[in-house]
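Just so you know, all these numbers are worked out from the coordinates, no wet-lab data involved. Keep in mind that what you see is a predicted model, and the values were worked out from it rather than measured. Positions of Cβ are generated from backbone atoms using ideal geometry, with glycine treated the same way; all protein chains shown enter the neighbour counts.
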Amino acid sequence: MRRILLMCATVFTALQLMAGEPLSLKDITNGTFSAKRISGMNPLEGTSDYAQISSDGRQVVKFSFKTGKPTGVIFSLSEVKGEKIEAFDDYLISDDGSRLLLQTKTKPIYRRSFTANFYLYDVKTKVLSRLSKDGAEQIPTFSPDGKWIAYVHKNNIYITNGSEVKQVTTDGEFNKIINGLPDWVNEEEFGFSNALAWSADSKTLSWIRYDESKVRTYTLQLFKGAYPTLNQYNTYPGEYSYKYPKAGEENSTVTAWSYNLSNGAVRKYDLPLAADGYIPRIKTTYDANRIILYTMNRHQDELNLYAANPQTGACSLLIKEQVPKYVKEEAMEGISIMKDYILLPSDRDGFMHLYLYDRDGKLLRQVDKGNYDVTAVYGYDEKTGNTYFQAAALQPMQREIYVVDKAGKRTVLSEGRGWNSASFSGDYKFFLNTWSDHDHPYVYAIYDNQGKKIREVLNNTELIAKIAKYGKVSKEFFAFTTSEGVKLYGWMIKPADFDKTKKYPVIMHQYSGPGSQQVVDSWSMGSMGNGGLYDQYLTQKGYIVVNVDGRGTGARGADFEKCTYLKLGDLESKDQVETAQWLAKQSYVDGSRIGIWGWSFGGFNTLMSMSEGREVFKAGVAIAPPTDWRFYDSVYTERYMRTPQENTAGYAINPINRSGKLHGKLLICHGMADDNVHPQNTFEYSEALVQADKDFKENLYTNRNHGIYGGNTRNHLLRQVAEWFEENL
C-alpha cells in the first residue's frame, strides 16, 4: 500500500509540474497579471514629437518619436505660479502650444462623459488659474488661435479667454435641453462626447443642441452600498432618472447653431434634416466660412456631410453615403476632414475600404481594394498622398499596418503576424506599433513610415515568465463548417495536462454582437481578455474553453456582418448551437457537459442559444443581458432592427418569447444601476421564466453599472461563473 501511495504521489507531482501552480481568481481580477501598456502619447501636429505625462505624474514632457528622448518640458507642477494644484488627471494643449488646460477632480458621468475642475496654464508666464469659479466643467475646447476656451457647465455653453467670460446659451437644463454635449444615446451609440466646433478664424463657435424634453425617462434605484458608500441612502433608497429613448420611442430633437464672438449673434443652421434625424458629428475645418455637419436618417442607412457657413447658417451637401442596411458607426468615426481633402471609409463594394474626395465632395479615387476590411484609419498625408491604415488583409483574426501611395500601391509596414495597431506622429514620419498575439503580451516599437524598425520601447517578457510557472496551456485556432455551409472561426484553450484519450466538459464563451470579434490573434483574446487567463483558470478545473465568432461578427465583409439585419439573435444562436454540436463530435469532448456564457449581447445570445430548441447546453450564465430589444436604446437597436412598429416579427425573436424553451441550468447576473442595459431586462425575463415554470438563479449587484466592478465585485462575479459551471457541468 505504501509503495502504491508513493507511486501515486510521484505521478501527482509530475502532473502538477506539468500543469503548474494553480491560478488565483483574485490575482486575475486585481491586476497581478496585467500587461504593461503605453498610454497617454499625444502626437503633436506637424511634428515628430509627442507629449506625455511624466512617470511621476508631475510634468507634461515633449519627446521625440525617433529617439524617445525628451525635447522639452511643457508643464511642471514645481514651476507653477498663481493657483496651486497637487496633481492632475489629464491635460489639453492649444494648437499653437501656448496654453494648457489641466484636468483635476474628474467625475465620470456615462461611458465617455465626465465633469472636472480645469485650470488654464500659460506656457510663457507659467501662471495657472481656474478656468471658471464654478468648476465642474465639461469638454473645454481651445479655439484654433488658442485665445479662447469654450466649455459646458450645467448644459450651457460658456466662452472664456481666462479673464472675460461670455455665456453663450441660457436654456440648458438637466433632462430638458443640452447644449454642446450629446445626450445619453448619442454619446453611447455614436461614440462621441464633444458637440462643439470652432471656426478656423476663432471668430465663431458652433454646436449641436439636444432637446430631450419629450424623451421618456428611465429611473435607476440607488442604495447605500459599498465601494463607494452612498450615505445619503442610508435608510431610504434614492433614484437617478435620466432620458433614455428606447427602440421606436421619441428621440431628442437635434439642431445646429452658431455664435459670433464679436457681436453675440446666435444663428440656427439651415440644415436639411428630418424631424427624427440625427446630427452625429460637428467638425472644424481649415476654412473660416465652413464647418462640417454630419446628418443621418433614423434608419441609419444614409450619411450626409454638409458644408455649413457659421456666418450665414447656409448648408450645402458635400457627400451622400448610402449603403444597404446601415452605415457602420465605425465608418463614420474614421472620416478625416483635411485642408483640401476628405477621407471616407465605406463598405459600398462589400468590404470596408477608403475613398478620397476633394474639399468640395468630388470623389477622386478609391484608395484601396480587395476582399478584406479596413479596421482603423490613421490618416492621409496631404504632402505625399500616402494613406495609412490598419486592415485584416491576411486573416480575419489578425491585423496589419499598411500604407497606400497615391498610385494605389499597398505596402505592409508592420512586421509580426498577429495583431498590430499604430499611433503615427503628426508628420507621419514615424509610428509607435503595438504588437501581440494569443501567446505573447504587448511589444511596443517605433518604426519609420517605410516600415523600418527604429527601436523597441517596451515589452512584457517579465509577464511571460510570471505566467509560465502556472503551466503552459494550449491555445489553438480552429475552423469548421456549419450545416448551412457557413465557415466559422474559433479558438480553444485546453488544460495543460490535456489527455486526448479522455473526454472533457466544455465551457463556451461568446459575445456575438454586430461587427464584434472575440476570435483574435491578440493578447486581448479570451473571455476576459488579458491573454485568456480567466479561461486558463477554468482549464485548471478540468474544462476546455472555446469561443466561436458566428454570423454577424466583424472583419469578414459586409455580407457576413449584416446578414443578421432585422433578426438579431436568430442566426447568432443557431451558430452557437452548431458549435456545441460540432464539439460534441470531437473524441475528447463530453457532449453531455457543454456550457455557454456571455456578457451584454453575449448574455442575450446565451439565453437565445439555451432556448433555440436544440437542447445542447447543460448550463449557462447570462450577465447583463438584453432580453427584448424594445427595452434597449433607439440608436443601436434601430440600426440593426429598424423600429418595433416596422419590424414586429424581428422583435418577437427574443429570450422572453423563448422562455418556455429554456434548457439547462441558468444563472443570470445584473447590475442594479446599469444605465446601458437596464435591470428591467432581467426582471421581465425572470418573470417570464417563473410563469413558464423554469428554475434559475439570479444574482443582483447593488449600485453597479454595466461593467459590474468596484471593491470585491468583479472577483465575486467571476467566481459565481466558475462555481456555476463546477456545480452544473
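Some points to look at:
- Theoretical FRET efficiency, 1/(1+(r/R0)^6), r = Cβ-Cβ of residue 369 and residue 477, R0 41 Å, to 0.05: 0.90
- A Cβ-based charge dipole, computed about the Cα centre of segment 510-667 with Lys and Arg at +1 and Asp and Glu at -1, lands at about 360 debye.
- Of all beta bridges that DSSP places with both ends in the chain, some 85 percent have antiparallel geometry.
- Karplus-derived 3J(HN,Hα), 6.51/-1.76/1.60, for each residue of segment 264-276, Hz, glycine and proline x: x, 5, 10, 9, 8, 6, 7, 9, x, 7, 5, 4, 9
- Inter-site label distance for residue 164 and residue 469 at 7 Å from Cα along Cβ, in nm: 6.6
- On Cα atoms only, tilt of 570-584 relative to the major axis of the chain in degrees: 40
- Note on segment 51-187: antiparallel DSSP beta bridges, both residues inside, total approximately 95 percent of the bridges counted.
- Placing a label point 7 Å from the Cα of residue 439 along the Cα-to-Cβ line, the residues of segment 453-483 whose backbone N sits under 17 Å from it are 460-478.
- Sum of side-chain charges, residue 20 neighbourhood, beta-carbon under 11 Å (Lys, Arg +1; Asp, Glu -1): 0
- Inter-probe distance in nm under a simple model that places probes 7 Å from Cα toward Cβ, at residue 453 and residue 250: 6.0
- Extended-chain gain in nm, criterion 0.36 nm per residue less alpha-carbon gap, residue 81 and residue 214: 43.1 nm
- Dipole axis of the chain (+1 Lys, Arg; -1 Asp, Glu on Cβ), positive-most option in 587, 103, 33: 33
- Cα long-axis angle, helix 2-19 against the chain (0 to 90 degrees, to the nearest 10): 20
- Modelled FRET efficiency - R0 35 Å, residue 384 with residue 559, Cβ distances, 0.05 increments: 0.55
- Label positions at residue 107 and residue 69, each projected 7 Å from the Cα along the C-beta direction, are separated by 4.6 nm.
- Only DSSP H runs of four or more residues enter the estimate; each adds -39500 (n - 2.57), and after division by the residues of the chain the mean residue ellipticity at 222 nm equals -4500 deg cm²/dmol.
- Given 16 as the ceiling on other Cβ atoms within 10 Å, longest exposed-site-free region of the chain for GluC sites (Glu not before Pro) in DSSP loops: 251-381
- Using only alpha carbons, segment 579-691 has a radius of gyration to Kirkwood radius ratio (Rg to Rh) of 1.01.
- FRET efficiency for the residue 376 to residue 286 pair, using the beta carbon distance and R₀ = 25 Å, is estimated at 0.60.
- The charge dipole of the chain, taken about its Cα centre with unit charges on the Cβ of Lys, Arg, Asp and Glu (plus for the first two, minus for the last two), comes to roughly 1320 debye.
- Relative to the longest principal axis of the Cα atoms of the chain, the long axis of helix 601-610 makes an angle of roughly 30 degrees.
- Residues 423, 129, arranged from fewest to most other Cβ atoms within 10 angstrom of their Cβ, appear as 129, 423.
- If the segment from residue 223 to residue 126 were pulled out straight at 0.36 nm per residue, it would be longer than the present Cα-Cα gap by 30.4 nm.
- Length added when fully stretched, residue 411-residue 89, from 0.36 nm per residue minus Cα-Cα: 112.1 nm
- Rounded to 5, the percent of DSSP beta bridges in segment 438-554 classed as antiparallel: 80
- Taking a Cβ cut-off of under 14 Å around residue 125, the surrounding Lys, Arg, Asp and Glu residues balance to a net charge of +1, with basic ones at +1 and acidic ones at -1.
- Net charge of the neighbourhood of residue 498, taken over other residues with C-beta under 13 Å away and scored Lys/Arg +1, Asp/Glu -1, is +3.
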